[in-house]
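The values are calculated or read from the model by the stated rules, or taken from the named source; none is laboratory data. Fair warning: this is a prediction, and the values are worked out from it, not measured in the lab. Note: ideal-geometry Cβ built from the backbone for every residue, glycine included; neighbour counts use all protein chains shown.
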Amino acid sequence: MSPAKKKLSGADIFFECLKRENVEYIFGYPGGATLKIYEKLFEIDFLTHILAKHEQGATHMAEGYARATGKVGVVLATSGPGATNTVTGIANAYMDSSPLVVFTGQVPANLIGNDAFQEADIVGITRPITKHNFLVREVCELAVTIRKAFYLAQTGRPGPVVVDLPKNMIASECEFEYPEKVDIRGYKPTVDGHPNQIKKAADIISKAKRPLLYVGGGVIMSNAAEELRAFASRNNLPVTMTLQGLGSIPTNGKQSLGMLGMHGMYWANQAVNNCDVLVALGARFDDRVTGKLDTFATNAYKIHVDIDPSSIDKNVVVDLPIVGSVKNIIADLDKAMKDKPDTDAWWKQIEVWKAECPLNYANGSETLRAGYVIERISEKTNGHAVIVPDVGQHQMWIAQLYNVVHPRSHISSGGLGTMGFSVPAAIGAAFAIKDRPIVSISGDGGFQMNIQELSTAVAHKLPVKFIVINNAFLGMVRQWQELFHAEKYSFTDLSALNPNFVKVAEAFGLPSFSVDKAENVDKVLDEAFAINDKPVFIEFKVSREDMVFPMVPAGASISDMMIERLNPKRMV
Amino acid sequence: MKHTISLLVENRFGAFDRVATMFSGKGFNISSISIGETEINEISRMTIVVSGEDQVMEQIEKQLNRLIDTIKVVDLTKTERCERELALITVNYKPGTLEEVKNVCDIFRGTIVDICNKSLTMEVTGPPAKIDAIVNVLMPYGIKEMARSGTVAIRRGEQVKQAKKEYVQ
């Protein structure tokens, strides 16, 4: 008889599991229910715990890290309020399919349901915003549950997984064994596309006169950018990207039409509605992309490649679905192409649309324009930065004007549209990416939603460039108020409410700059980007009532774009 | 059109809640749902009756499949099946109507399971349409209370063996 294995505590098992999952960072915040884990953490040296200032910050950090690397982001929060504070971050990761494992403390199992101190039913709360979640009642189930959580988070269509850990379970003991294999009979994601479907798709693309690739976040998260670039350039195919797809190919590259959709390029939207074959690759026909559904690419034969079968035929009924990993399928498609399609005439038509309505943010006007600032940052970094927008007008200007060159380098809150995402997400990315600049760009509204995390960047000397595009308005809401809500600027003017951002950033310990003239932009950017041993802060005071154009009004056809302000008197 | 979906799920804490949350979160309407054990200990069967157009039904099946605890989803409407529902109906009677109510119960092959001074409770089983029919007939007598189990359904014949192979290792 072999000697009995040594028993380990739940906390020991927890770290043994993280070690086997090669976790480098945990983003967390301690509390009563997780004390035992933090006690153990004190002795752990194979991973680094990053103390956030708020659990929402920790969760966005984990997502920034996950999206910059493709690895699983790990969060550790306590029970009750600690757990509920992660909810926005979890929902954000769910909407953008980012792999997270969020560990939450829980009150002792015998008190669950008792309205105990700092109790919240986080498994119930997060059910609709997680890929899956677990409450670990017995310590013997801990290892297998953590194994499953990491497996679920990063396979198939990635997503957040919550693991709820009752305090008494963490303190009790059992033998430790880490399962080598995971077998979940209800979960077997399809990876390889059906060969006949791929052959058929290749055939149809070969014969297309006006083909268009419409690529989304699936290309980024399955690391398919290389395959996509090869496929598109070999067959001279135009590519338009969703917000999450930016980086799949360089925005200013030869094959690129830039972003499509509500604030997409005029020519990209025209191409969508006039193409004869539309190939959706890892994109989900989101309403911000399609506009009015019954006018969306009506004449096109639609091919949809996605790893999640439920994405197919959800919003738009397609002619040829292929379920599987976008990476494998693009490679197979490329191999299956017998002839290149003849796209010369099609490209000429696209050039006509480009000339018809180029991007124009009225450069050279007296006030500093946000678009100009974004363009200068793009230029200064050669598009090589990891750019982390917040949510709002500046986010759309970045999508339009920043030349994203590499995949996993444009980390934006797309599906949920979470203000306050940028600051912590950029910090998370900065732990992973050391050889390229990390640029966080927020509006003055969103910047204040997770401003507390600046101290996390300072503490770890992360050379993040924190930039605020300050128009002293909730600009995107203001834009809608002007266009669609009778110019009732209800609660969007922040001019009397905003703090002195430079002083705030200085108080956190960041070298800080403020710019309000176009001629100073380059000088300050040079100065700030030269600082690489700590974070810096730059505020750009920009034209207050600028608007993002072109724009598809909600519910309109995407080829029916507003190109500029209707009322020229209001031009800034 | 009404569809009867048979769903095999891991018999685990919260499995029902995941299904219910999916339906409410996606805005699909459930007409009835019933849950019970199966011949395999750790697997439960849910029978869900929903109505929707084809595209909605396709989404419902896909979304159910997407749940990690889901082992198998079958739209039984597409196959040969047996569908049954059980109802317990407490109906009023008067001295003059007792025989009539008993007759109705017999015609529908129900059983009287309880009786007191002014009302009796009968148990009726059958396809949901049969339950609707008896409810209509009993309505004039005054139904005091009613409990319906919701539909349970199962495939007929040879299909069963084949289907089972797919999830029992």
Criterion: farther than 30 Å from A:ALA149 by Cα, among the β-branched types (Val, Ile, Thr) and more than 16 Å from the chain's Cα centre (by Cα) - qualifying residue of B:VAL49, B:VAL104: B:VAL104
One residue from B:ILE60, B:ILE43, B:ILE71, B:ILE48 being more than 14 Å from chain A (Cβ to nearest Cβ) and either surrounded by 17 or more Cβ atoms within 10 Å (Cβ to Cβ) or within 26 Å of B:ASN136 (Cα to Cα) (or both): B:ILE48
Pairs where the first residue, in the stretch B:20-31, is within 13 Å of chain A (Cβ to nearest Cβ) and the second is assigned to a helix (DSSP H, G or I) and of a type in the set (Val, Ile, Thr), C-beta under 9 Å, 6+ apart: B:MET22/B:ILE60; B:PHE23/B:ILE60; B:LYS26/B:ILE60; B:PHE28/B:VAL56; B:PHE28/B:ILE60
Filtered residues of the stretch B:104-136 (kept if of a type in the set (A, V, I, L, M, F, W, C), loosely packed, with under 15 Cβ neighbours inside 10 Å and closer than 23 Å to B:SER34 by Cβ): B:VAL113, B:ALA129
Any hit, the stretch A:415-423, residues being assigned to a loop (DSSP other than H, G, I, E, B), touching a Gly at 6+ places or on another chain (Cβ under 9 Å) and closer than 12 Å to A:ILE469 by Cβ: no
Residue match in the stretch B:99-118 (condition: part of a loop (DSSP other than H, G, I, E, B), over 30 Å from B:THR21 (Cα atoms) and either within 14 Å of another protein chain (Cβ to nearest Cβ) or hydroxyl-bearing (Ser, Thr, Tyr) (or both)): no
Where A:SER514 falls short, out of the listed (1) assigned to a strand (DSSP E or B); (2) loosely packed, with under 15 Cβ neighbours inside 10 Å: (2)
Test for A:ALA153: is it among the small types (Gly, Ala, Ser), in the same structural domain as A:LYS131 (by TED's automatic domain parsing) and under 29 Å from the mean Cα position of the chain (by Cα): yes
Hey, A:ASP339 in the same structural domain as A:ALA232 (by TED's automatic domain parsing), more than 23 Å from the chain's Cα centre (by Cα) and in a loop (DSSP other than H, G, I, E, B) or not: yes
Listing of helices (runs of 4 or more DSSP H) fully contained in the stretch A:1-105 that carry 2 or more residues being within 25 Å of A:SER325 (Cα to Cα): A:55-69, A:87-95
Residue ID - farthest from A:ALA399 (Cα to Cα), chosen from residues in the stretch A:274-310 that are assigned to a helix (DSSP H, G or I) and of a type outside the set (Ser, Thr, Tyr): A:PRO309
Given (1) outside the structural domain of B:GLU99 (by TED's automatic domain parsing); (2) among the aromatic types (Phe, Trp, Tyr); (3) modelled with pLDDT of 95 or more, index of the condition B:TYR167 fails: (3)
Of residues in the stretch A:301-321 being away from chain B (no Cβ under 14 Å) and in contact (Cβ under 8 Å) with a residue 24 or more places away in the chain, the one surrounded by the most Cβ atoms within 10 Å (Cβ to Cβ): A:VAL305
Matching residues in the stretch A:521-572 - criterion: being modelled with pLDDT under 95, surrounded by 15 or more Cβ atoms within 10 Å (Cβ to Cβ) and either part of a helix (DSSP H, G or I) or among the aromatic types (Phe, Trp, Tyr) (or both): A:PHE549
Residue in the stretch A:322-334 that is part of a loop (DSSP other than H, G, I, E, B), in contact (Cβ under 8 Å) with a residue 60 or more places away in the chain and buried (at least 16 other Cβ atoms within 10 Å of the Cβ) present: yes
Single condition A:GLY258 does not satisfy, out of (1) part of a strand (DSSP E or B); (2) buried (at least 24 other Cβ atoms within 10 Å of the Cβ): (2)
The listed residue being free of Cβ contacts under 8 Å to residues at least 60 places away in the same chain, away from every other protein chain (no Cβ under 14 Å), charged (D, E, K, R) and buried (at least 24 other Cβ atoms within 10 Å of the Cβ), out of A:GLU55, A:GLU63: A:GLU55
